[in-house]
1. Sequence-distant or interchain residues sharing an amide H contact under 5 Å with Leu109, placed H: which?
2. Calculate the spin-label point distance for Gln131 paired with Thr150, positioning each point 7 Å from the Cα along the beta-carbon direction, and give it in nanometres.
3. Tell me which DSSP H helices of the chain clear both cut-offs, 24 Å or more of axial length from alpha-carbon atoms and a mean Kyte-Doolittle hydropathy of at least -1.0.
4. Give me the number: length gained by fully extending Ala60 to Ile24, i.e. 0.36 nm times residue separation minus the C-alpha to C-alpha distance, one decimal in nm.
5. What residue among Thr182, Val33, Thr150 has its Cα farthest toward the positive end of the dipole of the chain, where the charges are +1 on Lys, Arg and -1 on Asp, Glu, each on the Cβ?
6. Quick one: putting +1 on the C-beta of Lys and Arg, -1 on the C-beta of Asp and Glu, what dipole do you get for the range 106-191 around its Cα centre, in Debye to the nearest 20?
7. So, with +1 on the Cβ of K and R and -1 on the Cβ of D and E, and no other charges, what is the size of the charge dipole of the chain about its Cα centre, to the nearest 20 debye?
8. When the Kirkwood hydrodynamic radius is evaluated over all pairs of different C-alpha atoms of the range 68-190, what value in angstrom, to one decimal, is obtained?
Amino acid sequence: MSTTELAQGLAQEQAKVTDWPGYIGSAVGLLIVIGLVYWLMRQGWNWRRTLQSHIPELPAVPADPGEALLTASGRYHGTTTAGNWLDRVVAHGLGTRSLAELTLTEQGLLARRPGDTDLWIPAGQLTGARQDSGIAGKVVPAGLLVVTWTHHGTALDSGFRADHPDEHAAWVAAVDALVTRTTMKTEEAAQ
């Protein structure tokens, strides 16, 4: 290899290393694209909240929710419209994932969510429970407890995952039994 070829090769290597404007431009462009994606995601979340503004305020947690029939700790994964596991409801904090302490009483289901609004579902609004594999952005094969309930005529599914998923079957049975008892009491009162 001649000295001229060696000098040209060295000059090309040096040109690659010192092309700082190109590197800085690429980095800034990438940061702008990432920022734009996050901004669009936030706009989508706000748009969804606006579309769901017709959903009334959630029931307030009673001072005494009653004696616990069943308790569990785990995670709250969100709420969707019933039957549409991809249609996340974000109004009133229902779309925010969080830790949760679940308590089932004769009066309803309480999900205490540290750092977020607690979720109270009165027994009269519960319509059932099931084990499922997914809800709005969370898919866990045979790993979610989905509670179905109504809120002012809107059927909703709320997804939970207990720290011990083997407890989900007991929760399904307990919620379904509570729904049956509540329905029977309502029918007796109507007669």
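1. Those lying under 5 Å, H to H, from Leu109 are Ile121, Ala123.
2. Placing both labels 7 Å along Cα→Cβ, they lie 2.8 nm apart.
3. On the way: long enough: 20-51 (46 Å, 0.53); 168-190 (33 Å, 0.22).
Sorted by number, the helices that extend far enough and score high enough are 20-51, 168-190.
4. On the way: separation 36, 0.36 × 36 = 12.96 nm, distance 5.27 nm.
Taking Ala60 through Ile24 to full extension adds about 7.7 nm, to one decimal.
5. Working it through, the farthest residue towards the positive pole turns out to be Val33.
6. 140 debye
7. Values: 14 positive and 19 negative charges, 91 e Å.
Here the chain has a charge dipole of around 440 debye.
8. On the way: mean 1/r = 0.0701 Å⁻¹.
Result for the range 68-190, one decimal place: 14.3 Å.
Read the figures in this text as sums done on the coordinates, not as results from a lab. Nothing here was measured: the structure is a model prediction, and the numbers come from that model. In this analysis, Cβ positions are derived from the backbone assuming ideal geometry, glycine residues included, and neighbour counts consider all displayed protein chains.
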